[in-house]
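Colleague: Have a look at this one.
Nothing in this text is a laboratory measurement; each read-out follows from the coordinates by a stated rule. Everything quoted here is computed from the prediction, not taken from an experiment. Please note: Cβ atoms are built from the backbone with ideal geometry, for glycine as well, and neighbour counts cover all protein chains shown.
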Amino acid sequence: MTLRLPLQLTLPNESALQIAATLFEPARVSEDPILLVCLPGGGMNRGYFDLQPEDGDTSFSFARQMSARGFHVLTMDHLGIGDSTRPADGYALDASLLAQANEQALQQVLGELRAHLPMLRSIGVGHSMGAMLTLLQQAQYKPHAAIALLGFSTRGLPDYTPPAQAELAKDPRRLREQLPALAQKMFREPYPKVQRDPQAKGIFGGSSADPRGIAALKAASDEPLLPLPAYQSMLPGNVALDAARVDVPVYLAVGDRDMAGPPQQIPAAFTASRDIALQVLPDTGHAHFLFAARAQLFERLAVWTRSVTAPRA
């Protein structure tokens, strides 16, 4: 079911803003219904969570695999991406505004679903930059019973940012002031496109990625970057202050060829959460769904989600 979700947000010289989303519903509704809310990473649209190779193999599709396990799944395009409204000024879309937009869209969907499923709870699921935005949304609005962050850490990408910016994320005021200029200097365009090498180890893991998955990913990855959140995600400590405020269960999954740094260091950022799970996927790069270990990810994440949302006496 394709959705168009109007937003109560205004931007200069822009009319009505909308978020585009797709809702996947399970064949059978659980007595304890869960909605998985999926946000894609930089340069990706919501199709990342529903990869469809030509042979019809559904094993690459997170949305279809999880709905088959009894979950409701909502995939969303960020503002500026995919079928959502693309404002003329991409530099107006900072991470805070995107989190606000995603929250407004989510609450509309939850309101509709809870009219029929009053016990429905949501779990935030984000990949890469989408994981950062899931984390920010949870820290600011607390919509989810738990969050699952795929291919993300608060370490950022220190090799791609100047040493002088290593402490910038620790000062939210300075970050807000300096981020637009830094992003414009790096990306130059309001919606830059980054050329990807299909064999790049950090993203695809070379020969261990399934060629069918790589082909299916093309339809989901023909998107620009959003400069401000993309740059922020690269900064060391990008959203560490917000991560320390997340007090719900957190699921972390990274590939052993991922870009998130040493996996065992990632959980330390979530000091307020008392339930943190870490899964390191073998022979896996950054786009996890392209690799054989995706089956392990889907199954373990499903089990974990049921365990942290199970009714307690």
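Colleague: Using only alpha carbon positions, build the gyration tensor of region 82-125, then give the equivalent ellipsoid semi-axes as the square roots of 5 times its eigenvalues, largest first, whole angstrom.
Modeller: The three semi-axes for region 82-125 are 27, 11, 8 Å.
Colleague: Quick one: among VAL239, VAL109, VAL73, which has the greatest mean-square fluctuation in a GNM of the chain with alpha-carbon springs under 10 angstrom?
Modeller: Between VAL239, VAL109, VAL73, it is VAL109 that shows the largest mean-square fluctuation.
Colleague: Report ³J(HN,Hα) in whole Hz for each residue of region 35-49, in order, from the Karplus equation J = 6.51 cos²θ - 1.76 cosθ + 1.60 where θ = phi - 60°; Gly and Pro get x.
Modeller: Rounded to whole hertz, the list is 10, 8, 10, 10, 10, x, x, x, x, 10, 9, 5, x, 4, 8.
Colleague: Looking at region 2-308, how many pairs of lysines come closer than 29 Å at the Cα, when each pair is eight or more places apart or spans two chains?
Modeller: Going through region 2-308 pair by pair, I get 9.
Colleague: Report the label-to-label distance for LYS142 and SER307 in nanometres (one decimal), using points 7 Å from each Cα along the Cα→Cβ vector.
Modeller: About 2.5 nm separates the two model spin labels.
Colleague: Shifting gears a bit: Compare the peptides 186-195, 79-88 by average per-residue count of other Cβ atoms within 10 angstrom and give them in order, highest first.
Modeller: Averaged packing, sorted descending, gives the order 79-88, 186-195.
Colleague: Another question, if that's okay. Under a 5 Å amide H to amide H cut-off, with H placed in plane at 1.01 Å, what residues pair with GLN279 once short-range neighbours are removed?
Modeller: Under 5 Å from the amide H of GLN279 lie the amide H atoms of LEU252, ALA253, VAL254, each far enough along the sequence or on another chain.
Colleague: Under 5 Å between amide H atoms, partner at least 5 residues away or on a different chain: which partners does SER122 have, H built in plane at 1.01 Å?
Modeller: LEU35, ALA145
Colleague: Could you give the length gained by full extension between ARG114 and LEU241, i.e. 0.36 nm per residue of separation minus their alpha carbon distance, to one decimal place?
Modeller: Once the chain is fully extended between ARG114 and LEU241, it gains 42.5 nm.
Colleague: Restricting to the chain, compute how many DSSP beta bridges are antiparallel as a %, nearest 5.
Modeller: Bridges in the chain that DSSP calls antiparallel: roughly 25 percent.
Colleague: Please list, in chain and number order, the residues 5+ apart from LEU226 or on another chain whose amide H is under 5 Å from its amide H, with Hs placed from the backbone.
Modeller: GLY43
Colleague: How do MET259, MET1 line up, fewest other C-beta atoms within 10 Å first?
Modeller: MET1, MET259
Colleague: Which whole-Hz couplings ³J(HN,Hα) result when phi for each residue of region 210-227 is put into the Karplus expression 6.51 cos²θ - 1.76 cosθ + 1.60, θ = phi - 60°, listed in order with x for Gly and Pro?
Modeller: 6, x, 5, x, 4, 5, 5, 5, 4, 5, 8, 10, 8, 10, x, 7, 9, x
Colleague: Could I ask something else about it? Evaluate the charge dipole of the chain about its Cα centre and quote only its size in Debye, nearest 20, assuming +1 on the Cβ of each Lys and Arg and -1 on the Cβ of each Asp and Glu.
Modeller: Taking the Cα centre of the chain as origin, the dipole is about 460 debye.
Colleague: Between ASN13 and ARG173, 0.36 nm times their residue separation minus their Cα-Cα distance comes to what?
Modeller: Numbers: separation 160, 0.36 × 160 = 57.60 nm, distance 2.60 nm.
Contour length minus the Cα-Cα distance gives 55.0 nm.
Colleague: Moving on to the next point. Can you work out the Karplus-derived ³J(HN,Hα) for every residue in region 301-310? Use 6.51 cos²θ - 1.76 cosθ + 1.60 with θ = phi - 60°, whole Hz, and x for glycine or proline.
Modeller: 5, 5, 5, 4, 4, 5, 6, 7, 10, 5
Colleague: Let me ask something additional. What is the fewest-to-most order of ILE214, ILE123 by other Cβ atoms lying within 10 Å of their Cβ?
Modeller: Arranged by neighbour count, lowest to highest, ILE214, ILE123 become ILE214, ILE123.
Colleague: Using the Kirkwood radius built from alpha carbon pairs, what does the Stokes-Einstein equation give as D for region 2-308 at 25 °C and 0.890 mPa s, in µm² per second?
Modeller: 127 µm²/s
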